[in-house]
């Protein structure tokens with residue numbers, strides 16, 4: 001019998017694309033995320049919403065073992081659609097149970113670095129629901145150039161242009177894989193259009209809470225919105 005643990009919600013996309021914002025909205029709707037990385041800094045004021053154990057002990061370890069950047073910037077791993085990590089599903093389920101998950105509601109893991117490793121997680125959780133967060137390419141590059149934990153890697157636009165390309169190649173493969181996936185535009189949400197977010201929330205078996213979402217998606221907290229649009233929202 002299928003249970004919630006078998007069908008996680010994986011939120012991914014490019015770094016600085018709005019994955020944290022979308023994950024936060026889905027958590028408001030009832031998704032369980034467990035003990036997550038603390039946020040509150042200027043570059044991510046509402047939080048990262050990434051489960052600490054999965055990020056630090058699973059995702060980063062896989063990247064390190066591949067001799068790649070554990071932060072998912074450079075170097076990036078070559079994509080392997082047949083990548084399998086032995087015991088991955090059991091390891092994650094055990095960690096979630098220790099963290100208090102009771103398999104009584106949908107659970108969510110958000111991490112842009114999943115874009116680099118999605119095939120391993122797809123093999124471990126074939127019933128996963130994938131949420132791909134999209135954002136204007138130029139805005140992502142601009143945000144990377146302005147964000148300290150990103151621009152420490154490079155302050156050259158050409159570097160980030162290639163970076164965006166590499167992530168998008170991997171996202172395209174996910175879209176073509178036949179797995180259940182949903183695309184959602186962070187730009188539309190920031191500008192106050194919640195229609196796609198409302199539909200997505202319900203498709204995932206969650207509850208859309210517009211007043212709480214509207215308060216959470218405060219334009220001044222998200223660097224994705226141009227100043228003139230912030231004045232209209």
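The values are calculated or read from the model by the stated rules, or taken from the named source; none is laboratory data. Bear in mind the structure is a predicted one, so any value in this text is a computation, not a measurement. No Cβ is skipped: glycine too gets one built from the backbone with ideal geometry, and neighbour counts run over all protein chains shown.
A few comments on the model shown:
- Among residues of segment 58-82 that are at negative phi and in contact (Cβ under 8 Å) with a residue 60 or more places away in the chain, those with a Cβ under 7 angstrom from a residue that is surrounded by 13 or more Cβ atoms within 10 Å (Cβ to Cβ) and assigned to a loop (DSSP other than H, G, I, E, B), sequence gap 6+ or separate chain, pair up as 73/153; 74/153; 76/68.
- All positions within segment 151-202 that are within 18 Å of residue 132 (Cβ to Cβ), surrounded by fewer than 13 Cβ atoms within 10 Å (Cβ to Cβ), out of contact with any strand residue (DSSP E or B) (no Cβ under 9 Å at 6 or more places or on another chain) and free of Cβ contacts under 8 Å to residues at least 12 places away in the same chain: 165, 172, 176, 178, 195, 202
- Verdict on residue 76 being over 19 Å from the mean Cα position of the chain (by Cα) and closer than 17 Å to residue 17 by Cβ: no
- Considering 9, 62, the condition of being modelled with pLDDT of 95 or more and out of contact with any strand residue (DSSP E or B) (no Cβ under 9 Å at 6 or more places or on another chain) is satisfied by 62 alone.
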